[in-house]
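A quick write-up on the structure given underneath.
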Amino acid sequence: MLMGTFFIVIASILWGAVHSVLASHVFKGMVRRSFGAIVFRRLYRFSYNLFSVVSFLPLILMLVTFPDQVLYKIPSPWIYLTTIVQGIAVLALMAGVMQTGPMEFSGLAQLAPGYEDLKQGGLVVDGLYAWVRHPLYTAGLVFIWLTSEMTLNRLVLWIVFSLYILIGAYFEERKLLKDFGSQYADYRSRTPMLIPSWKRKA
């Protein structure tokens, strides 16, 4: 059983590492120079998302097939509350994707002819993004950690994913600061990273 858990840890770390490299400015610059700016803008996002989903499937397979051990189950009536909060997290994920544009988020909009001639979107700071800078990460963390039945394999996978999200958010902050400069610096100074604050700065 522990060997299976070890494989899940290694596979999830590799997935996160490759995912991060593919999202880096350095790798994007290599692709842009190799294939040209127009091809990059049209194909990169969709290819990146497709690879991320396909490469994640082996982790799901490991999670459902490897020997496992139940650590705890959320008892009634608390499970009803956690299920409601998970549902809210799913709605927040959907709202966040809709707010940033589902077609662009998936990379499908970029595949359309003439996309490279369209005006690109700016920094999104309203809606969910007025409460936290990374609402999709927040909603994802809430959802996984309120799993009704925690097993050993799920626990190690959730820990690795949580660390990946925190590290990824740090590097994404650097990328956004480079892309938007003082506009993002001002937004960052008044908006929490992951945990919403009721005392938002105007």
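Considering each residue of the stretch 151-189, count those that are polar (S, T, N, Q), under 21 Å from Phe56 (Cα atoms) and assigned to a helix (DSSP H, G or I), and give that number. Lay out the reasoning, then the answer.
Here is the first cut: in the stretch 151-189, the residues polar (S, T, N, Q) are 151, 153, 162, 182-183, 189.
With under 21 Å from Phe56 (Cα atoms) added as a condition, the list becomes 151, 153, 162.
Then drop every residue that is not assigned to a helix (DSSP H, G or I), which leaves 153, 162.
Total satisfying the criteria: 2.
Just checking, how many residues over the stretch 31-52 are closer than 22 Å to Tyr170 by Cα and without any contact (Cβ under 8 Å) to a residue 40 or more places away in the chain? Counting residues in the stretch 31-52 that are closer than 22 Å to Tyr170 by Cα and without any contact (Cβ under 8 Å) to a residue 40 or more places away in the chain gives 1.
Cβ separations smaller than 6 Å between residues 6+ apart or across chains give the following pairs from the stretch 156-177 residues that are aromatic (Phe, Trp, Tyr) to residues that are in a helix (DSSP H, G or I): Trp158/Ile144; Tyr164/Gly16. Of all residues in the stretch 126-147, exactly one satisfies the criterion of being within 24 Å of Leu2 (Cβ to Cβ) and polar (S, T, N, Q), namely Thr147. Looking only at the stretch 1-30, residues that are over 14 Å from Tyr48 (Cα atoms) and either in contact (Cβ under 8 Å) with a residue 40 or more places away in the chain or within 18 Å of the chain's Cα centre (by Cα) (or both) come to 10 in all. Taking first residues from the stretch 67-91 that are over 18 Å from Leu141 (Cα atoms) and partners that are surrounded by 13 or more Cβ atoms within 10 Å (Cβ to Cβ) and among the charged types (D, E, K, R), the Cβ contacts under 8 Å between residues at least 6 apart in sequence or on separate chains come to Asp68/Arg154. Scan the stretch 1-23 for residues that are of a type in the set (Gly, Ala, Ser), within 16 Å of Phe171 (Cα to Cα) and surrounded by 14 or more Cβ atoms within 10 Å (Cβ to Cβ) and the total you get is 3.
Scanning the stretch 168-185 for residues that are surrounded by fewer than 13 Cβ atoms within 10 Å (Cβ to Cβ) and of a type outside the set (Lys, Arg) turns up Tyr170, Asp179, Gly181, Ser182, Ala185.
Condition check ((1) among the β-branched types (Val, Ile, Thr); (2) modelled with pLDDT of 90 or more; (3) within 30 Å of Met103 (Cβ to Cβ)) across all residues:
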| position | (1), (2), (3) |
| --- | --- |
| Ser20 | no, no, yes |
| Ala37 | no, no, yes |
| Leu50 | no, yes, yes |
| Phe56 | no, yes, yes |
| Leu61 | no, yes, yes |
| Gln69 | no, yes, no |
| Ile79 | yes, yes, no |
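The values are calculated or read from the model by the stated rules, or taken from the named source; none is laboratory data. Since we're looking at a predicted model, the values are computed, not measured. Ideal geometry is used to build each Cβ from the backbone, glycine not excepted, and the neighbour counts take in all protein chains shown.
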